[in-house]
Structure formats: C-alpha cells, structure tokens
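Participant: Can you read through this structure? Questions will come right after.
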Amino acid sequence: MEVSKPCDDVYEENHPDWAPTIFQSLNHSATSVSRYNRVKKRLAVKEKAVETGIQPELLRQNESSEATELSISDINMAEVLSSTMIIDVEDQEHSAKFLSQLRDLEKENMELREKHLCANKELEAAKVMISELSAKFQKLYEETNEKAKKNLLTQLKQSEEMTRFYTGLNSFDLFLGIFNALLPALIDDKRFKISLQEQFLMTLMKLRLNLSTTDLAYRFGVSRVTACRYIEKFVTVMFVRLPPVLLRFPEQEASEFTMPLSFRTNYPKCTCIIDCFETNCEMHGYLLAKISLFSKYKMHHTGKFLLAITPQGSICFISKGYGGRVSDVEIVRDCGILNLIQKDNLVMADRGFLIEHDLEKVGAFLAMPAFKGTRLQLEGDEVEKSRVIANLRIHVERVIGNIRKKFTILRGPIKIRDLCTDPHDETFVDKIVTVCCCLHNAMPSVVPPT
C-alpha cells in the first residue's frame, strides 16, 4: 500500500491501492499516484471552467490536450504542469473577457429597460394629459356656447337695434310680451337643451333672417333635428295663439272711429284694401303640381296669398296659399274673405280684381281705378278718382313690402316639404305667413294717422 490506506472507492481503478475484484480478467494499465492526482486536478480545472462560463470548445481543446498528455508517458512532469498552467491562464483570460462583455451587455440591457419604462410612463402621462385637455376643451366649449347664448339675450335686452335685426320686433319688451302670451300653451321640460326663451329667439331668427336650420343648430348648440322641432313647435303655437288677438277683421263702427283723415275725406266706408303677393317656391317633381304652381306674371313657380289691410294699415286678413297659376278673382271667391265683408262696406282693390258682382251679392261696394277699355282716354273725373284710389291703395303694397323686408323668409324660396298639410289641413308655409302677419301687426303701422 503506497498511501498507507486502502482505496475507498472500489470503482477508482486509477488508484494505486485499488484491489482487484471479480473483474480480474480485465487488463489494467499500471497507474501511479502522481498520474491520478493530475487527472483529478484536470477534472477540477474543468469543473471550475464550467462554473466560470468557459466555452465548450476550450474544454474540448483542454480535454484533447490532457488525453495527449496521458498517452505520452515519457513527458516530463514539469512540462505537463507548465502546459496545464498555461492553458488555465488562457482560459481565465478568455473567461474574464467574456464576463466583462456579459456585464456590459447586462448593463446596456438594464439601461434599455429603464428607458423603456420611462417611455411607457411618459406615454401614460401623455394619454392622461390628452384626456384631461379633451375634457377641459369640451367643458370650455359648452361654457362658451352658454355664454354666447346668454350674451345674445343680454345684448338684445340692452340694444333695440340688435333686437330689430335678429327678431324683426321693435323692442325687447315686445319680445317678452309675445313670449309671455305664448307661455301658457308651452311645456317647459328639464330635458330641453336650451330654454323656452332661447327657442322662441331661434324661431324669430328663422323668420327674420331665414337662416338655415344647420346654422341655428350651431349657434344654439343643438342638433339640426332638434332645431327644426323647436321652430315647428313655436310656429304652431303662434299660429294658434296670435291670430285671435292680432289678426282680426274690423267692424265698421270701430274702423270709422279710427280712420285716417285721407280715407275719411274720400272713402269713409272703406273697410279693407286687398291685394295679392307671390313668393317663389321650389319646382315640384309632379307634373300637375308643377303646372298649378307656375305663374305667368312672375314667370316662375310661386305660391300666392291674398292679403287685406285696414285703412289704419294693420293686416286684417291673410288667405291660405294658392298656386301661382290661380287668378286673383278665384282666390277672392275661394279664400273666405267675402264671408267677412258686411253690407255697405267698401273694398278697395287694383284693376285685376273684377269682383264687383261678388260684392254686390253681400251688399258691398268696390273701389278700383277706372279702365280705359276701347276709349282713347279717360274722362277727367275718372282720372281724378283713379289718382285718389291709387294714392290710398298704395298702402297695401307698402305693407307687403314692409312685411317681406322684416321677415325675409317670405322672400322664398318655399320648400316643397313646407307645402305638405298637417292633420288639420294646414301647411307649414301657411302657418309661417300668418305668424309673420301677426308679428307685423304688433308693431307700428306704416300708414300715417293723417
């Protein structure tokens, strides 16, 4: 026994004190303690290299070199040890270089992760900021709309000129008076986007300036459909509430009591002055409707209305709409004004209203300019009579011009959808014309009192 103790592991055949077992038939090369120690040392070096991360190629090179050393028995022990040390030093240098590169990569990876986290944080902060700014913008937009609407009503209160421009009414007090008269027929709902007063203002702006419903929707911060509903609602309410008060046919006694001096001198029995006016409308696709709407006088598709005013200048009657092809006489006979004229009343009209026989049936009279007919010229008294009638009848043309100037929606064109009737057989354009006439009567007359 060379180490003074038996071999602990029976399978360590390289140990010099290894004792044979049942495997005595196998040929085993002679071993020595020094060779065994070298082998264990190389194995330890391999394990250390694996732990430190040396590449497998270097290990294979090391193993091949060790195998070569084991196969050569006459190599000097010092040379073996020196070569092993050289390999170990090279492995350590390569491992150190590899570890340095690995640390650099880990450091770079950490920096990239930190940058990625910072970028994510900045992105989340930007999203939050965008959301906050969007909410703030929406709030400011709504506040601006509210201020603009309130500011418009406030400015109307302070400026009669703005009131006349936006509503056609002479003062804001008149605006409030008409609104208060309509209020009992209205229902205020908290779900309304704008107040009833603002809805009334929107309707008057539509009648006065004939703005598109899209424009009004943007001005008041509502949808186009909602704006149409508000306008239709207020026009219908005014059509029901205002005519009984502001559009009344006069009685003879009351008319004579307040008749202007120019009428009292020449025609004291005059009850009304009648005339027709036409408004352009869109071309209908249906052939018969297109024919009935075409006016030879205007050479266009029009809607025609009969209007009557008192000698004082207020509108006392407005007919429903007719096609431009219908004659003035047919409108007078169909609209119902003959039912309002009483006995001994005098009606003043232009030459186109040949309704003398119709008025005689109710005991009334017609005053109109004289016709020359087949004669070369008029008589002297006929010329004077025609001049007086023309001077008095001009007031109805002034009223028509004034109402179309104040409420530009009457200038047209009339939409085809406004010609459709509701369940009460009333078209929307008839309601609009009637409401405009009522609003006109709420303002001072164009006829001077003298």
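Participant: Can you tell me which of T279, T265 is among the β-branched types (V, I, T) and either touching a Leu at 6+ places or on another chain (Cβ under 6 Å) or under 24 Å from G336 (Cα atoms) (or both)?
Facilitator: Criteria check complete, one pass: T279.
Participant: Something else about it: Let me confirm something: among M238, M283, which residue is in contact (Cβ under 8 Å) with a residue 12 or more places away in the chain and within 20 Å of P444 (Cα to Cα)?
Facilitator: M238
Participant: Further question: Tell me whether the range 212-229 contains one or more residues that are under 27 Å from F317 (Cβ atoms) and in contact (Cβ under 8 Å) with a residue 24 or more places away in the chain.
Facilitator: No, the range 212-229 has no match at all.
Participant: Here is a further query. Among L196, L186, L207, L201, which is the only one that is touching a residue at least 60 places away in the same chain (Cβ under 8 Å), touching a Leu at 6+ places or on another chain (Cβ under 8 Å) and not assigned by TED's automatic domain parsing to the domain that holds P413?
Facilitator: Going through L196, L186, L207, L201 in turn, the sole match is L207.
Participant: Related question: Mind listing whichever residues of the range 407-431 are touching a residue at least 12 places away in the same chain (Cβ under 8 Å) and either farther than 15 Å from F277 by Cα or not assigned by TED's automatic domain parsing to the domain that holds F294 (or both)?
Facilitator: Of everything in the range 407-431, those that are touching a residue at least 12 places away in the same chain (Cβ under 8 Å) and either farther than 15 Å from F277 by Cα or not assigned by TED's automatic domain parsing to the domain that holds F294 (or both) turn out to be K415, I416, D418, L419, E426, T427, F428, K431.
Participant: Only one of (1) assigned to a helix (DSSP H, G or I); (2) assigned by TED's automatic domain parsing to the domain that holds L211; (3) surrounded by 10 or more Cβ atoms within 10 Å (Cβ to Cβ) fails for I130. Which number is that?
Facilitator: Just one mismatch for I130, condition (2).
Participant: Being part of a loop (DSSP other than H, G, I, E, B) and out of contact with any Lys or Arg (no Cβ under 6 Å at 6 or more places or on another chain) narrows it down to one of L376, L366, so name that one.
Facilitator: Exactly one residue qualifies, and that residue is L376.
Participant: Go through the residues of the range 402-415 one by one and say whether even a single one is at positive phi and out of contact with any strand residue (DSSP E or B) (no Cβ under 8 Å at 6 or more places or on another chain).
Facilitator: No: zero hits.
Participant: Being within 18 Å of the chain's Cα centre (by Cα) and either assigned to a helix (DSSP H, G or I) or modelled with pLDDT under 90 (or both) narrows it down to one residue among V240, V245, V225; which is it?
Facilitator: V225
Participant: Okay, moving on. Between a residue in the range 307-323 that is in the same structural domain as N339 (by TED's automatic domain parsing) and touching a residue at least 12 places away in the same chain (Cβ under 8 Å) and any residue that is in a strand (DSSP E or B) and of a type in the set (K, R), which pairs come within a Cβ distance under 8 Å, given they are 6 or more apart or on different chains?
Facilitator: Note: pairs meeting the criteria are G321/K304; Y322/K304; G323/K304.
Participant: Shifting gears a bit: Applying the selection to the range 275-291, what residues are among the acidic types (D, E) and either exposed (fewer than 15 other Cβ atoms within 10 Å of the Cβ) or over 37 Å from the mean Cα position of the chain (by Cα) (or both)?
Facilitator: Matches in the range 275-291: D275 only.
Participant: Next question. Looking only at the range 220-236, which residues are within 16 Å of D189 (Cβ to Cβ), surrounded by 20 or more Cβ atoms within 10 Å (Cβ to Cβ) and β-branched (V, I, T)?
Facilitator: V222
Participant: Let me ask another. Looking at V388, V383, V362, V396, can you tell me which residue is closer than 30 Å to G412 by Cβ, of a type in the set (V, I, T) and in the same structural domain as V433 (by TED's automatic domain parsing)?
Facilitator: Exactly one of V388, V383, V362, V396 is closer than 30 Å to G412 by Cβ, of a type in the set (V, I, T) and in the same structural domain as V433 (by TED's automatic domain parsing), namely V396.
Participant: Between Q199, Q155, which is at pLDDT below 90 and within 23 Å of M443 (Cα to Cα)?
Facilitator: The match here is Q155.
Participant: Examine the range 160-167 for a residue that is touching a Gly at 6+ places or on another chain (Cβ under 9 Å) and over 17 Å from F239 (Cα atoms), and state whether such a residue exists.
Facilitator: Within the range 160-167 (the criterion being touching a Gly at 6+ places or on another chain (Cβ under 9 Å) and over 17 Å from F239 (Cα atoms)), the answer is no, since none of the residues qualifies.
Participant: Run down D381, D358, D418, D350 and say which single residue is acidic (D, E) and out of contact with any helix residue (DSSP H, G or I) (no Cβ under 7 Å at 6 or more places or on another chain).
Facilitator: D381
Participant: Go over the candidates V446, V435 one by one and state the one that is of a type in the set (A, V, I, L, M, F, W, C) and part of a loop (DSSP other than H, G, I, E, B).
Facilitator: V446
Residue by residue, here is whether (1) polar (S, T, N, Q); (2) modelled with pLDDT under 90; (3) within 58 Å of the chain's Cα centre (by Cα) holds:
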{"residue": "V332", "(1), (2), (3)": "no, no, yes"}
{"residue": "C335", "(1), (2), (3)": "no, no, yes"}
{"residue": "N345", "(1), (2), (3)": "yes, no, yes"}
{"residue": "A349", "(1), (2), (3)": "no, no, yes"}
{"residue": "G352", "(1), (2), (3)": "no, yes, yes"}
{"residue": "I355", "(1), (2), (3)": "no, no, yes"}
{"residue": "G363", "(1), (2), (3)": "no, no, no"}
{"residue": "K372", "(1), (2), (3)": "no, yes, no"}
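The values are calculated or read from the model by the stated rules, or taken from the named source; none is laboratory data. Quantities reported herein were computed from a predicted structural model and do not represent experimental measurements. No Cβ is skipped: glycine too gets one built from the backbone with ideal geometry, and neighbour counts run over all protein chains shown.
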